[in-house]
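The values are calculated or read from the model by the stated rules, or taken from the named source; none is laboratory data. Just so it is clear, the model here is predicted, and its values are computed rather than measured. Here Cβ is always computed from backbone atoms with ideal geometry, including for glycine, and neighbour counts include all displayed protein chains. Remember, those area values only see protein heavy atoms, side chains included, never the ligands or the DNA or RNA. Shrake-Rupley method; radii C 1.70, N 1.55, O 1.52, S 1.80 Å.
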Amino acid sequence: MQSPIETIEALTSRLRARRKSLGLSQEDLAARLSVSPALLCKWERSKITPAMGRYLQWAQTLGVELYDIEQHGKVIGAVSQ
């Protein structure tokens with residue numbers, strides 16, 4: 001089983017890849033999420049872990065469905081729609 005940190009890094013990596021596959025810049029996505037591009041960059045690089053509500057907003061904006069998102073307060077998985 002992955003550690004929570006490895007799982008968060010895997011999730012943020014998938015969300016970053018999804019953003020790129022949609023042709024969105026960090027600036028574009030940050031504007032849609034009402035955050036700064038610098039903050040989004042930190043999220044994507046797992047330097048800062050956003051609140052669960054922000055993960056949901058981030059995923060929904062990219063058309064990604066999160067499943068089993070909370071187990072002892074940790075994000076544990078994601079799947080693209």
**Request:** Can you give me the ranges of the helices (runs of 4 or more DSSP H) entirely in the chain with at least 1 residues that are modelled with pLDDT under 90?
**Result:** 4-21, 52-61
**Message:** For the stretch 15-68: of the residues being touching a residue at least 12 places away in the same chain (Cβ under 8 Å) and acidic (Asp, Glu), which is least open to solvent (accessible area, probe 1.4 Å)?
**Reply:** Glu44
